[in-house]
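Note sheet for the following structure.
The numbers here are math on the coordinates, done by the rules we state, and not lab data. Here the structure is a predicted model, which means the values were calculated and not measured. Every residue, glycine among them, receives a Cβ derived from its backbone with ideal geometry; neighbour counts consider all protein chains shown.
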Amino acid sequence: MKVAVLGSGDVAKTLAGGFLKHGHQVMIGSRTPEKLAEWKTLNPKGSTGTFAASASFGEVVVLAVKGGAAMDALRLAGVANLAGKTVIDACNPIADAPPVNGVLRFFTNFDESLMEKLQHEFAGANFVKAFNSVGAGLMVNPQFAGGKPTMFICGNNEAAKKQVGGILDQFGWETADMGGAEAARAIEPLCMLWCIPGFRSNDWTHAFKLLKK
Ligand SMILES: NC(=O)c1ccc[n+]([C@@H]2O[C@H](COP(=O)([O-])OP(=O)(O)OC[C@H]3O[C@@H](n4cnc5c(N)ncnc54)[C@H](OP(=O)(O)O)[C@@H]3O)[C@@H](O)[C@H]2O)c1
């Protein structure tokens, strides 16, 4: 698969590396692709470009930018370059204000998530929330004594979610599909919960698992 990864931070670089590891072709994108020169040296099979070049290249697009800049990054990627494609949304709507006793603040509310806003603005793309509820260092084939962790996903397009389920299989996760885009109102705040032990006790080594009878 040809995969576009929009972003130059830890999440983008980690996921891009994961896609390469699993045999996909990757173009990672930034407003200033030069800042990805080191990543390119470390990942010679990958390529770098602008958000638009990357989105145009990808059959699947991964959005891994600052939450408050997600709309702008997608506009730069270009609406035509996203049309009909699965967009894996790893972003969290974290506000600029600092956490309160380890609890992050969001710029969204419980009646509208960031992903719903993105899906509304880019109606031709098929957004799937994924990878937002775990730290970058654990996104690709994490090993836990308790078995495979659970990735909570949601989105309006069943085929896109199936495609993301296949990617999550490769990346060593079990998938819990929580339904339509509105479920991002619950999945995005999992990031708050995941970060609390990190901010309070510098513990960043956990992941969520859904247990069923
Ligand atoms: N860090 C984690 O462990 C983790 C885990 C799960 C989810 N997340 C979420 O994943 C996303 C990426 O996190 P991150 O820590 O890797 O990186 P980040 O520092 O949150 O974001 C960096 C990216 O945001 C882009 N950006 C910033 N301002 C922009 C603007 N005005 N217009 C367009 N693009 C802009 C940058 O683009 P340029 O390349 O052009 O500078 C860069 O690619 C975030 O939404 C975060 O909440 C993070």
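A few comments on the model shown:
- The set of residues in the range 20-45 that are assigned to a helix (DSSP H, G or I) and either farther than 27 Å from Asp169 by Cα or away from the ligand (no atom under 15 Å from the Cβ) (or both) comprises Leu20, Lys21, Pro33, Glu34, Lys35, Leu36, Ala37, Glu38, Thr41, Leu42.
- Cβ separations smaller than 6 Å between residues 6+ apart or across chains give the following pairs from the range 145-163 residues that are within 17 Å of Glu59 (Cα to Cα) to residues that are not in a helix (DSSP H, G or I): Asn157/Asn126; Ala160/Thr86; Ala160/Asn126; Ala160/Val128; Lys161/Val128; Lys161/Gly155; Lys161/Asp177; Gln163/Thr86.
- Val87 vs. criteria within 20 Å of Thr50 (Cα to Cα), more than 17 Å from the chain's Cα centre (by Cα) and more than 13 Å from the ligand (Cβ to nearest atom): no
- For Gly7, the conditions (1) more than 10 Å from the ligand (Cβ to nearest atom); (2) in contact (Cβ under 8 Å) with a residue 60 or more places away in the chain; (3) buried (at least 23 other Cβ atoms within 10 Å of the Cβ) are fulfilled apart from (1).
A quick yes/no check of all residues on (1) small (Gly, Ala, Ser); (2) over 17 Å from Glu116 (Cβ atoms); (3) assigned to a strand (DSSP E or B):
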{"position": "Ser54", "(1), (2), (3)": "yes, yes, no"}
{"position": "Gly68", "(1), (2), (3)": "yes, no, no"}
{"position": "Leu74", "(1), (2), (3)": "no, no, no"}
{"position": "Ala80", "(1), (2), (3)": "yes, yes, no"}
{"position": "Gly84", "(1), (2), (3)": "yes, yes, no"}
{"position": "Ile88", "(1), (2), (3)": "no, no, yes"}
{"position": "Cys91", "(1), (2), (3)": "no, no, no"}
{"position": "Ala97", "(1), (2), (3)": "yes, yes, no"}
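- Scan of the range 164-211 for residues that are farther than 26 Å from Ala95 by Cα and in contact (Cβ under 8 Å) with a residue 60 or more places away in the chain, ordered by number: Val164, Ile167, Gln170, Phe171, Lys209, Leu210
- Among the candidates Lys85, Lys45, Lys40, the residue that is touching a residue at least 40 places away in the same chain (Cβ under 8 Å) and among the basic types (Lys, Arg) is uniquely Lys85.
- Test for Met1: is it within 18 Å of the chain's Cα centre (by Cα), within 16 Å of the ligand (Cβ to nearest atom), of a type outside the set (Lys, Arg) and farther than 17 Å from Ala136 by Cβ: no
- Of the residues in the range 111-132, at least one is in contact (Cβ under 8 Å) with a residue 60 or more places away in the chain, surrounded by fewer than 13 Cβ atoms within 10 Å (Cβ to Cβ) and over 17 Å from Ala12 (Cα atoms).
So that you can scan it fast, the table gives a plain yes or no per residue for (1) touching a Lys or Arg at 6+ places or on another chain (Cβ under 9 Å); (2) among the charged types (D, E, K, R):
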site	(1), (2)
Asp10	no, yes
Leu15	no, no
Lys35	no, yes
Lys40	no, yes
Asn43	yes, no
Met71	yes, no
Gly78	no, no
Asp89	yes, yes
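- Tally of residues being over 20 Å from Gly166 (Cα atoms) and β-branched (Val, Ile, Thr) across the range 1-52: 5
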